[in-house]
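Quick note: the coordinates plus some simple rules give every number you see, no bench work behind them. Source: prediction; values computed, not measured. Cβ coordinates were reconstructed from backbone atoms using ideal geometry, including for glycine residues, and neighbour counts include every protein chain displayed.
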Amino acid sequence: WVDQDVIALGYQYATEAWAVRVGYNYSESPIEEQETNFTAAGDTSFNDAGINGSTANTLNLLGFPATTESHVTVGGTYGFNKQASVDLALAYAPETTNTYTNFAQQDITVKHSQTSVSVGLNYNF
């Protein structure tokens, strides 16, 4: 995986009883296609970890599909009183598609998107 820069922006508008939040972040996928060099004996290209390129491509796309690049978030908090509140949040990452050469010398394509919803009930003692 390669290092990545992440750009994140967020905004919150809050009163004493409630708050509304929005956010966005972007970073390029940390996964890059590894070089492959196929011979009759197999893939002879190896990365710094000693794994051949086509095996690394297969593991990266199937085992660790960290390929989403943009995330949009919205959420808020509502306070019932000084002790109790509820939080609600939604995060969405649009679909991305990556195609790399796998260990069988075939193209492998992975599509990945994310949607999550969370609800939290809070009580302060």
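Quick notes on this structure:
- Simple spin-label estimate for LYS111 and ASP87 in nanometres, 7 Å along Cα-Cβ: 3.3 nm
- Folded to 0 to 90 degrees: helix 53-63 orientation relative to the chain principal axis, Cα: 30 degrees
- Contact order normalised by residue count of the chain, Cα under 8 Å, 6+ apart, percent: 23 percent
- Estimated vicinal HN-Hα couplings, Hz - region 86-99 in sequence order (Karplus 6.51, -1.76, 1.60; Gly, Pro = x): 10, 10, 9, 9, 10, 10, 9, 10, x, 5, 10, 10, 10, 10
- The Cβ shell under 11 Å around HIS112 holds other residues with a net charge of -1, Lys and Arg each +1, Asp and Glu each -1.
- Net charge in the neighbourhood of VAL6 (other residues with Cβ under 15 Å of its Cβ; Lys, Arg +1, Asp, Glu -1) is -4.
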